[in-house]
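In what follows, a structure is listed as structure tokens, so that the remarks can point back to it.
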Amino acid sequence: MSDSISIAFLGPLGTYSHEAALYFADQLGAPDAELLECASFDEVFGAVDRGRSTYGVVAKENSLEGPVTSTLDNFAFRSSSVILAEKVFDIHHSFMVSPDADIAGIKLIASHPQGIAQCRRYLTERFPGRSTQMTASTAESARLASQDASIAAIANPLAAELYGCKIIDSSIEDNLGNQTAFALIGRLGSAPSLSSETYKTTVALFMRTDRAGTLNMILSEFAYANINLSMIQSRPLKQQLGDYMFFIEFEKKDTDPAAQTALSCLRLKLREVKVLGSYPIL
């Protein structure tokens, strides 16, 4: 089975997306699945849409930063991929250096901008006055640190293992509730056999015209069906200022009678109701 499965993810090796891809590979019963490194989430979607990869892994939402807009825009406007499963990961940053580095000799601390921002208190208390360098990924900062004893990195333990770094401190993030929801995506009809006690449905809603009361009408349909929404997010249609569409998430399958009622009513009133996936929460 695993010989025929490939998973695209946001590279390079050692990113949190790589960690999520390894998790989903294990859940798929394919721990040795081929992993395809991509330079962006757009490329992950493209790999799945064009058949270069069986599945893809993309970040949906971070508890501190909010929804990942590039992922939402791909679902809404560019991709035919759907969500097949979701897993929420705790994001723990580690402070790491090369094996032969001396802490007193650290002159530069490198990481992705979010890594730097999410560990600001730790850096201020432990390494005041040190310069910081922004990198394209936390994994890239680990690679830099592994090659230069004067550079420290903020990354995850997987990156430390892959690039041969030594972890000095673990869980250094300012907010210990930092979490990211990653989605396993695939082409329609490619859903694997994954089960859970909790299911979620994500839909994209497109209005016929921009008029007062549309959002209230949408919310009312779900309220009438007694469906509690777990997320609502607006995104511009990229046509002209003031034109928007909405993403809605609720914890029911789209085959649930109450969900079918709400979605059927919305289809009569909106230009398009696009189901982006009805999937297990792992």
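Points to keep in mind about this one:
- Check on PHE246, open to solvent by less than 80 Å² (accessible area, probe 1.4 Å), under 30 Å from PHE95 (Cβ atoms) and within 23 Å of the chain's Cα centre (by Cα): no
- Residues of segment 134-157 satisfying the condition of being more than 18 Å from the chain's Cα centre (by Cα) and open to solvent by 10 Å² or more (accessible area, probe 1.4 Å): MET134, THR135, GLU140, ARG143, LEU144, SER146, GLN147, ASP148, ALA149, SER150, ILE151, PRO157
- The numbered conditions (1) closer than 19 Å to ALA59 by Cα; (2) out of contact with any strand residue (DSSP E or B) (no Cβ under 7 Å at 6 or more places or on another chain); (3) touching a residue at least 40 places away in the same chain (Cβ under 8 Å) are all true for ALA183 except (2).
- Selection of segment 170-210 for residues being part of a loop (DSSP other than H, G, I, E, B) and either modelled with pLDDT of 90 or more or among the hydroxyl-bearing types (Ser, Thr, Tyr) (or both) yields SER170, SER171, ILE172, GLU173, ASP174, ARG187, SER190, SER193, SER195, SER196, THR198, THR209.
- Taking strands (runs of 3 or more DSSP E) as the structural unit, no element lying wholly within segment 34-100 holds at least 3 residues that are touching a Pro at 6+ places or on another chain (Cβ under 6 Å), at pLDDT below 95 and surrounded by 15 or more Cβ atoms within 10 Å (Cβ to Cβ).
- For ILE167, the criteria (1) open to solvent by less than 60 Å² (accessible area, probe 1.4 Å); (2) touching a strand residue (DSSP E or B) at 6+ places or on another chain (Cβ under 6 Å); (3) farther than 29 Å from PRO280 by Cα; (4) outside any loop (DSSP other than H, G, I, E, B) hold in every case but one, which is (1).
The values are calculated or read from the model by the stated rules, or taken from the named source; none is laboratory data. Because the structure is a prediction, the values reported are computed rather than measured. Methodologically, a virtual Cβ is constructed for each residue, glycine included, from the backbone with ideal geometry; neighbour enumeration extends over all protein chains shown. All accessible areas refer to the heavy atoms of the entire protein, side chains included, with ligands and DNA or RNA removed. Shrake-Rupley method; radii C 1.70, N 1.55, O 1.52, S 1.80 Å.
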